[in-house]
1. Please state the relative contact order of segment B:1-47 as a whole percent: Cα pairs under 8 Å, 6+ residues apart?
2. Segment A:19-50: which residues show an accessible-area loss of 20 Å² or more, assembly versus chain alone, 1.4 Å probe?
3. List for segment A:89-108: residues with 20 Å² or greater reduction in accessible area, all protein chains versus chain alone, probe 1.4 Å?
4. Using a 1.4 Å probe over the heavy atoms of the protein chains, calculate the carbon and sulfur portion of the accessible area of chain B as a whole percent.
5. What Cys residues in chain B are without a partner cysteine, judged by a Cβ distance under 4.7 Å?
6. How much accessible area is lost when chains B and A come together, counting both sides, with a 1.4 Å probe, in Å² rounded to the nearest 100?
7. A:N22 to B:S18: FRET efficiency via 1/(1 + (r/R0)^6), r the Cβ-Cβ distance, R0 30 Å, to the nearest 0.05?
8. Can you grab the distance from the C-alpha centre of segment B:69-88 to the C-alpha centre of segment A:40-107, Å, no decimals?
Amino acid sequence: GQQLNQSPQSMFIQEGEDVSMNCTSSSIFNTWLWYKQDPGEGPVLLIALYKAGELTSNGRLTAQFGITRKDSFLNISASIPSDVGIYFCAGQLGANNLFFGTGTRLTVIP
Amino acid sequence: GAVVSQHPSRVICKSGTSVKIECRSLDFQATTMFWYRQFPKQSLMLMATSNEGSKATYEQGVEKDKFLINHASLTLSTLTVTSAHPEDSSFYICSARDQLGTSEIYNEQFFGPGTRLTVL
């Protein structure tokens with residue numbers, strides 16, 4: 001299957017700090033998505049990106065679809081304790097195929 | 001809107017028994033549902049795509065005779081793990097795509113809360 005690598009694997013930050021995480025793939029995707037997963041729960045969609053170069057915001061979250069269509073980043077500004085969780089990128093080719101990244105585990109220290 | 005439920009949320013079974021997991025779209029119709037498996041500290045891996053009224057499409061390496069999928073209605077898909085073994089212990093998550101496309105996100109998959117299976 002497709003391999004999507006996320007970095008960093010995990011991060012520990014102080015409340016109020018900004019966060020940045022990346023996702024890279026060896027393949028091109030038509031859509032990039034970012035999800036957050038809390039322990040013992042299913043993932044929840046945060047942001048969807050449809051066009052190369054697109055920059056989209058959702059509150060304190062900002063994500064960009066890389067120009068090469070093989071990468072994306074997610075930024076979280078002014079982190080708060082409830083931002084804790086695992087963030088997954090996902091690439092989508094068509095209507096069905098959704099491939100998840102390796103995940104970034106975020107810990108926010110109050 | 002766009003809520004997906006799973007039942008049960010947790011199940012513990014003995015090795016060799018079969019376990020059925022249900023995935024329901026509560027407020028929308030879904031011709032297509034997806035089943036994922038997630039091992040501890042790992043990512044979600046697609047197991048199969050479940051199509052209402054037809055056979056499921058399985059990903060490479062997933063045994064269709066071991067993981068039986070039935071999608072008999074537009075709001076329900078079931079995954080049965082047959083003759084479960086300890087290595088089948090995992091977090092199983094389903095998702096459903098809104099048939100009518102009422103989501104603002106094109107082809108959005110709505111995820112269920114997951115089912116944790118432990119096989120003793």
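1. Details: 42 pairs, mean separation 16.2, N = 47.
So the answer I get is 35 percent.
2. SASA drop of 20 Å² or more in segment A:19-50: A:Y35, A:Q37, A:G40, A:E41, A:G42, A:P43, A:L45, A:Y50.
3. Correct list: A:Q92, A:A95, A:N96, A:L98, A:F100, A:R105.
4. Details: 3090 of 6100 Å².
Answer for chain B: carbon and sulfur cover 51 percent of the accessible area.
5. That list is B:C13.
6. Numbers: alone 6830 and 5800 Å², together 11120 Å².
Using a 1.4 Å probe, the pair buries roughly 1500 Å².
7. Values: r = 42 Å, r/R0 = 1.39.
Efficiency for this residue pair is about 0.10.
8. Here the two parts' Cα centres lie 29 Å apart.
The values are calculated or read from the model by the stated rules, or taken from the named source; none is laboratory data. What you see is a predicted model, and the numbers here were worked out from it, not measured in a lab. A quick note on method: Cβ atoms are made from the backbone with ideal geometry, for glycine too, and the neighbour counts reach across all protein chains shown. The protein model used for the area step is the full one, side chains on, heavy atoms only, and it has no ligands, DNA or RNA in it. Shrake-Rupley method; radii C 1.70, N 1.55, O 1.52, S 1.80 Å.
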